[in-house]
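Report on one structure; see the data block that follows.
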Amino acid sequence: MYYYCVLLENRKAGAQIQSSFPKNREADMPAKTQKASLLIAEDEESLREGLKLNLELEGYEVTTVDNGPGVIKMVKNEYFDLIILDIMLPDMDGITVCETIRMQHNDIPILFLSARNSSADRVEGLKKGGDDYLTKPFNLEELLLRVDKLVTKSKKMREPQAMSDIYEFDGCKIDFPGHECIDKNKMTQELSKKEAALLKLLVEHEGEVVSREQILQIVWGYNVYPTTRTIDNFILNFRKFFETDSRNPKHFHSIRGIGYKFTK
């Protein structure tokens with residue numbers, strides 16, 4: 001099967017793998033300023049390790065798991081830019097895994113890998129929340145291009161609109177680089193680095209729900225996870241600073257089970 005041959009040959013080739021690609025491949029790919037984090041869910045060890053090696057050589061951070069429940073656990077505990085998800089996983093199949101992730105309001109891109117190649121199987125995978133569907137055996141180059149496109153698209157969708165360093169609303173003012181604000185009582189309040197970063201993220205996405213996963217990625221960074229209570233405490237502080245009635249907030253809203261929203 002083609003994908004076995006490619007992956008196993010690449011494992012033997014080691015760091016020389018990239019020389020087998022067209023010379024213009026790297027020029028066509030956007031620069032990665034920060035390593036994207038991928039989760040591979042595949043129960044066949046040789047394929048799983050081959051994929052891990054090839055994707056790491058492409059500059060990605062790669063975590064692997066070999067069963068369905070393991071995927072759910074990893075997604076709850078860490079942030080990933082993409083999941084490569086085999087459908088025929090033990091204990092919980094990939095379709096059920098995808099449905100479970102989507103029920104948690106997590107929009108992480110999911111690329112299905114499957115030996116099922118009928119149009120009905122592809123339609124089912126996409127209907128259940130998958131972003132792409134690739135059948136086995138597959139061409140390694142095609143897989144790498146699909147991964148790159150999904151990661152790039154996801155990052156573009158998360159990029160906020162450019163805004164100034166000073167933001168004013170409802171008589172209040174926030175100085176993001178200065179890490180301070182003028183509150184509802186015209187008093188100057190100091191902001192921690194994380195508070196300023198979270199405020200900026202919410203303001204940049206005014207009127208939109210910002211998911212917990214986005215907050216963890218952008219404010220706290222990859223694989224550094226505070227508790228939900230920590231984020232809630234930040235929101236409570238913002239309400240004390242900016243809300244006339246903190247029990248009936250006008251600006252800073254908690255969207256149960258999803259994330260948080262700022263409205264002007």
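Mind listing the phi-derived Karplus ³J(HN,Hα) values for the range 184-194, rounded to whole Hz, using 6.51, -1.76 and 1.60 with θ = phi - 60°, and x for any glycine or proline?
Those phi angles translate into 5, 9, 6, 9, 7, 10, 7, 10, 6, 4, 5 Hz.
Under a crude label model (7 Å from the Cα following the beta-carbon direction), how far is Asp107 from Ser246 in nanometres?
The modelled label-to-label distance comes out at 3.1 nm.
If I stretch the segment between Leu236 and Arg256 completely, what's the gain in nm (0.36 nm per residue apart, minus their alpha carbon distance), one decimal?
5.7 nm
Leaving out same-chain residues fewer than 8 places away, which lysines sit with a Cα under 29 Å from that of Lys127?
Cα-Cα hits under 29 Å: Lys52, Lys73, Lys76, Lys136, Lys149, Lys153, Lys155, Lys156, Lys261.
Once amide H atoms are placed 1.01 Å from N in the peptide plane, what residues at a sequence separation of 5 or more from Val62, or on another chain, have their amide H within under 5 Å of its amide H?
Long-range HN contacts for Val62: Leu38.
Just so you know, all these numbers are worked out from the coordinates, no wet-lab data involved. Predicted, not measured: the structure shown is a model, and the values here were computed from it. Please note: Cβ atoms are built from the backbone with ideal geometry, for glycine as well, and neighbour counts cover all protein chains shown.
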